[in-house]
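Heads up: the structure comes next, in structure tokens.
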Amino acid sequence: MISLAEVKEYHEIKAYMEKGHEYLGTMGAIEHSYRHIDRVAINSKKILSTLGFHPRTAELGAIAGYLHDLGNFINRYNHGRNGALVVRLILQRMNMSLDEITMILPAIGNHEEQTGVAVTPITAAVIIADKVDVHGSRVRKRDISSFTTRDRVNYAAKHSELEIEDGADRVIRMKLEIDTKVCSVMEYFEIFMTKMVLCRRAAEKLECRFELVINGDKLL
């Protein structure tokens, strides 16, 4: 069975990831490189493992999380669906079974908030792991006057944390600390509403509630 470690070392994947990061840099887009995809892989696996899914399902979640942004080397827009098509060919060359490939591809193709639907538990885990990665280090621009709204919200984030409770009341909780001098709590909530709605629906797929806590205050 193909492991996340093997995926990370595969030459094609490395090349496409590096080019995607380079191309997004020319656009001034936020960081989507190894720091981000490693974190999404770790948190996807954490969600599935904590909620009691089979270890192999959790590993496939980690692989999907690691590969979810690969399509950025083609185009920023529709990168989920583009990436899924490329990943299918790569995983076939790596001799992954079709059953496992079909568990990974929906997560990659459905993680964008414009079109994403949490059709499977792995998809749900990747959606949440991706959307909760908000941090100032992801902003690549140095001139604050050139920041987009998304840049400013990410720049304001000082710490983000994912908590999962698997008890009688199953909860997936995003805890965020932001600098309110840069962005107010309500402004963050308004700007990222579509992401949070997608996270809530993804949590429901996992039979959990989604909670958002910003600077100690529960907003969802």
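Of note:
- Restricting region 96-106 to residues that are more than 13 Å from G71 (Cα to Cα) and within 19 Å of the chain's Cα centre (by Cα), the residue that is surrounded by the fewest Cβ atoms within 10 Å (Cβ to Cβ): T102
- When D130, D151 are checked against the criterion of being among the charged types (D, E, K, R), at pLDDT below 95, closer than 17 Å to K195 by Cβ and crowded, with 20+ Cβ neighbours inside 10 Å, D130 stands alone in meeting it.
- Residue in region 46-57 that is part of a loop (DSSP other than H, G, I, E, B), of a type in the set (G, A, S) and modelled with pLDDT of 90 or more present: yes
- One residue alone among G109, G80, G65 is within 13 Å of the chain's Cα centre (by Cα) and closer than 22 Å to E165 by Cα, and that residue is G65.
- Counting the residues of region 38-65 that are crowded, with 24+ Cβ neighbours inside 10 Å and within 17 Å of Y10 (Cβ to Cβ) gives 6.
- Single residue of G28, G71 found to be farther than 15 Å from I101 by Cα, at pLDDT below 95 and crowded, with 21+ Cβ neighbours inside 10 Å: G71
- Selection count where residues are surrounded by 15 or more Cβ atoms within 10 Å (Cβ to Cβ) and either among the charged types (D, E, K, R) or more than 16 Å from the chain's Cα centre (by Cα) (or both), scope region 167-176: 3
So that you can scan it fast, the table gives a plain yes or no per residue for (1) in contact (Cβ under 8 Å) with a residue 12 or more places away in the chain; (2) among the hydrophobic types (A, V, I, L, M, F, W, C); (3) over 13 Å from A125 (Cα atoms):
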{"site": "V185", "(1), (2), (3)": "yes, yes, yes"}
{"site": "Y188", "(1), (2), (3)": "yes, no, yes"}
{"site": "I191", "(1), (2), (3)": "yes, yes, yes"}
{"site": "A202", "(1), (2), (3)": "yes, yes, no"}
{"site": "L206", "(1), (2), (3)": "yes, yes, no"}
{"site": "F210", "(1), (2), (3)": "yes, yes, no"}
{"site": "V213", "(1), (2), (3)": "yes, yes, yes"}
{"site": "G216", "(1), (2), (3)": "no, no, yes"}
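- R88 vs. criteria at pLDDT below 85, in a helix (DSSP H, G or I), surrounded by fewer than 22 Cβ atoms within 10 Å (Cβ to Cβ) and not aromatic (F, W, Y): no
The values are calculated or read from the model by the stated rules, or taken from the named source; none is laboratory data. Fair warning: this is a prediction, and the values are worked out from it, not measured in the lab. When we count neighbours, we look across all protein chains shown, and the Cβ atoms used for this are built from the backbone with ideal geometry, even at glycine.
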